[in-house]
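Visitor: Okay, handing you the structure first.
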Amino acid sequence: MEVREFIADWFAGTGDPLIIAGPCSAESEAQVVATAKDLAATGRVHLFRSGIWKPRSRPGSFSGAGTRALQWLAKVKSETGLGIVTEVASPLHVEAVVKDNITDMVWLGARTVSNPFSVEDIAAALSGTAIPVLVKNPLSPDIDLWTGAIERIQAAGVKMVAAVHRGFSPFERTVYRNMPKWEIPIELRRRFPDIPVICDPSHIAGDAALVPEVAQKAFDLNMRGLMVEVHINPSAALSDAGQQLTPAGFAAMMEKLIVRKPTTDDPGFLNQLEELRHQIDSIDYQIVELIAARMGVSVRMGEYKCRNNVTVLQMERWLEILRTRMAHGKANGLEPSFVEMLMKLLHQESIRKQTEVMNNLKSNGECG
Ligand code: PEP
Ligand code: MN
C-alpha cells in the first residue's frame, strides 16, 4: 500500500501500529540512505524519521544539516519507498517541506510545543496544507500545554493530528533520561479519544538497552505506534548517540514486541479500570523514585553531620517537618493523621540510614 494511503487509514483508526524509525539527525546522504535501506529491509517501518533542523538544549551542539538535507531524504524515499517525517520548528521549516512535497508527515518537538507562540506560528503556516502532524509532549508534565498545542494545530484546519509521548524532563535523574509518567498520555487519550497516541521510547529511555522495555510498555498501554531512533553507526552519531539502536537491534526488538490486538469488546482502548490501574502503577513508581531521592539527601546529611559533629536527630527540625507537611497534606485534601504516619515512617528510615552512614564513617576514622 502506498504510504500516504496507509497514513490516512491509520488516522481513521484502522490498520497496524504506525512504525517510524530513523536517526535522531540527518548527518549526510550516505548515513540516511544506508540507515533507511537497512530499515526498509526489515519490512517493519512505514516512515523514515530524521531531524534536519535540531533544536538543542545547549549551544554548540550539532544543530542539523538544514534544508539541503531534504534532497537526501528525497533519495531515501526514491531508493526505499519509505515515507518521510521530519521536525518543523518554525514557519520557514513548514514552507520548505510543503514546497518540496517529499515529506509525508511532520512533527513538532518537545521544546517547540513548550512555547505556545511557536505553536501558533507553525499552526498558521500549516493552515491550508494537507500534511499530517505529530505533536510531541512538552518538556514539562503539563497536560494543558500539550492539549493546547493539539488544539492550536486542529484549529488551523489540520485534519490528521497525532500525539507522541516522549517523556518529561526529570527533577532527579532516574534510570530513564525522561520520566515516562504514563498517566499523562492516558489522560490525553481520554481528552482526545479520536487522536492517536504513539510512543517515542528512545527519548524516554535515553539508553539503547532500555528502549525495548519502554516500547513494550507503550504497546501494553495500547499506544498506536512507535517512533524509534535508529542509526547505522550509533556510537558515531552527532546527536543522541547513547539511545540510538542499530538497524539490527531495531529488527530484533520488533521481532520480540507483543502488540495487543484490540478485540471486539475492547475497540482499541483498555477498559477504564485497566487505564486507572496503569495510572496508579505509574504514580507509585514515581513515589518510590522520590523516596529514593529523599534518602539520597539523608545520606549526604549524615556525612555532613558526622564531619561537623552534629547529632542525627534535631528535635525542632523534626517538629517543623511534621507541622509543615501535615498542613501541606491538608491543603491537598489528605487526612493530617495519614500524613503524620507517612512522615514518621520516612523519618525513621532516614534516621536509620544516617546512623548507618555515620557509623561507617566513624569506623573508618573519617569523622569523630
Ligand atoms: C528528536 O526527536 O530527535 C527530538 C529532538 O525530540 P524531542 O523534541 O522529543 O526532544
Ligand atoms: Mn533525538
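Visitor: Taking region 227-265 as the search range and keeping residues that are within 14 Å of ligand 1 (Cβ to nearest atom) and charged (D, E, K, R), which one is least open to solvent (accessible area, probe 1.4 Å)? Walk me through how you get there before you give the answer.
Guide: At the first step, the residues of region 227-265 found to be within 14 Å of ligand 1 (Cβ to nearest atom) are 227-231, 234, 237-245.
Subsequent filtering for residues that are charged (D, E, K, R) retains 229, 240.
Details: Glu229: 1, Asp240: 33 Å².
Checked region 227-265; the qualifying residue least open to solvent (accessible area, probe 1.4 Å) is Glu229.
Visitor: Kindly check whether there is at least one residue in region 188-197 that is touching a Phe, Trp or Tyr at 6+ places or on another chain (Cβ under 6 Å), assigned to a loop (DSSP other than H, G, I, E, B) and either basic (Lys, Arg) or away from ligand 2 (no atom under 15 Å from the Cβ) (or both).
Guide: No; the residues of region 188-197 include none that is touching a Phe, Trp or Tyr at 6+ places or on another chain (Cβ under 6 Å), assigned to a loop (DSSP other than H, G, I, E, B) and either basic (Lys, Arg) or away from ligand 2 (no atom under 15 Å from the Cβ) (or both).
Visitor: Checking the structure you have, find out if any residue of region 304-319 is at pLDDT 90 or above and more than 26 Å from Val357 (Cα to Cα).
Guide: Among the residues of region 304-319, not one is at pLDDT 90 or above and more than 26 Å from Val357 (Cα to Cα), which makes the answer no.
Visitor: Take Lys159 and tell me if it is within 16 Å of ligand 2 (Cβ to nearest atom) and modelled with pLDDT of 95 or more.
Guide: Details: within 16 Å of ligand 2 (Cβ to nearest atom): no; modelled with pLDDT of 95 or more: yes.
So Lys159 fails the test.
Visitor: Right, something else. Among the residues of region 329-338, is any assigned to a helix (DSSP H, G or I), surrounded by fewer than 12 Cβ atoms within 10 Å (Cβ to Cβ) and at pLDDT 95 or above? Reasoning before the result, please.
Guide: As a first pass, look at region 329-338 and keep what is assigned to a helix (DSSP H, G or I): 329-331, 336-338.
After this cut, where a residue has to be surrounded by fewer than 12 Cβ atoms within 10 Å (Cβ to Cβ) as well, the list is 331, 337-338.
Going one step further and asking which of them are at pLDDT 95 or above, we end up with 331, 338.
So far as region 329-338 goes, yes, one or more of its residues are assigned to a helix (DSSP H, G or I), surrounded by fewer than 12 Cβ atoms within 10 Å (Cβ to Cβ) and at pLDDT 95 or above.
Visitor: Considering only region 204-226, I want to know if a residue exists there that is assigned to a loop (DSSP other than H, G, I, E, B), among the basic types (Lys, Arg), within 16 Å of ligand 1 (Cβ to nearest atom) and in the same structural domain as Pro141 (by TED's automatic domain parsing). If you could, list the steps in order and put the result at the bottom.
Guide: Step one: list which residues in region 204-226 are assigned to a loop (DSSP other than H, G, I, E, B), which gives 206-207, 221-224.
In the following step, the residues that additionally are among the basic types (Lys, Arg) were identified as 224.
Pick out the ones that are also within 16 Å of ligand 1 (Cβ to nearest atom) and you get none.
No, every residue in region 204-226 fails to be assigned to a loop (DSSP other than H, G, I, E, B), among the basic types (Lys, Arg), within 16 Å of ligand 1 (Cβ to nearest atom) and in the same structural domain as Pro141 (by TED's automatic domain parsing).
Visitor: Limited to region 171-189, what total is found for residues that are under 12 Å from Ala293 (Cα atoms) and open to solvent by less than 40 Å² (accessible area, probe 1.4 Å)? Don't jump to the end; show me each part of the working.
Guide: Of all residues in region 171-189, those under 12 Å from Ala293 (Cα atoms) come to 171-174.
From the residues that got through so far, the ones that are open to solvent by less than 40 Å² (accessible area, probe 1.4 Å) too are 174.
Residues flagged as under 12 Å from Ala293 (Cα atoms) and open to solvent by less than 40 Å² (accessible area, probe 1.4 Å) within region 171-189 amount to 1.
Visitor: State which residue pairs qualify: first residue outside the structural domain of Gly22 (by TED's automatic domain parsing) and farther than 27 Å from Pro17 by Cβ and inside region 42-58, second residue among the β-branched types (Val, Ile, Thr) and open to solvent by 40 Å² or more (accessible area, probe 1.4 Å) in any location, beta carbons under 7 Å apart, and separation of 6 or more residues or different chains.
Guide: From residues that are outside the structural domain of Gly22 (by TED's automatic domain parsing) and farther than 27 Å from Pro17 by Cβ, there are no pairs.
Visitor: Going by the structure shown, is Ala65 part of a loop (DSSP other than H, G, I, E, B), touching a Phe, Trp or Tyr at 6+ places or on another chain (Cβ under 8 Å) and over 25 Å from Asn233 (Cα atoms)? Give the steps one after another, and end with the answer.
Guide: Details: part of a loop (DSSP other than H, G, I, E, B): yes; touching a Phe, Trp or Tyr at 6+ places or on another chain (Cβ under 8 Å): yes; over 25 Å from Asn233 (Cα atoms): no.
Criteria not met by Ala65.
Visitor: Please go through region 84-120 and pick out each residue that is within 13 Å of Leu134 (Cβ to Cβ), within 16 Å of ligand 1 (Cβ to nearest atom) and of a type outside the set (A, V, I, L, M, F, W, C).
Guide: The answer is Thr86, Glu87, Thr103, Gly109, Thr112.
The values are calculated or read from the model by the stated rules, or taken from the named source; none is laboratory data. Here the structure is a predicted model, which means the values were calculated and not measured. Neighbour counts run over all protein chains shown; Cβ positions are idealised from the backbone, glycine included. SASA here: full protein model, heavy atoms, side chains in, ligands and nucleic acids out. Shrake-Rupley method; radii C 1.70, N 1.55, O 1.52, S 1.80 Å.
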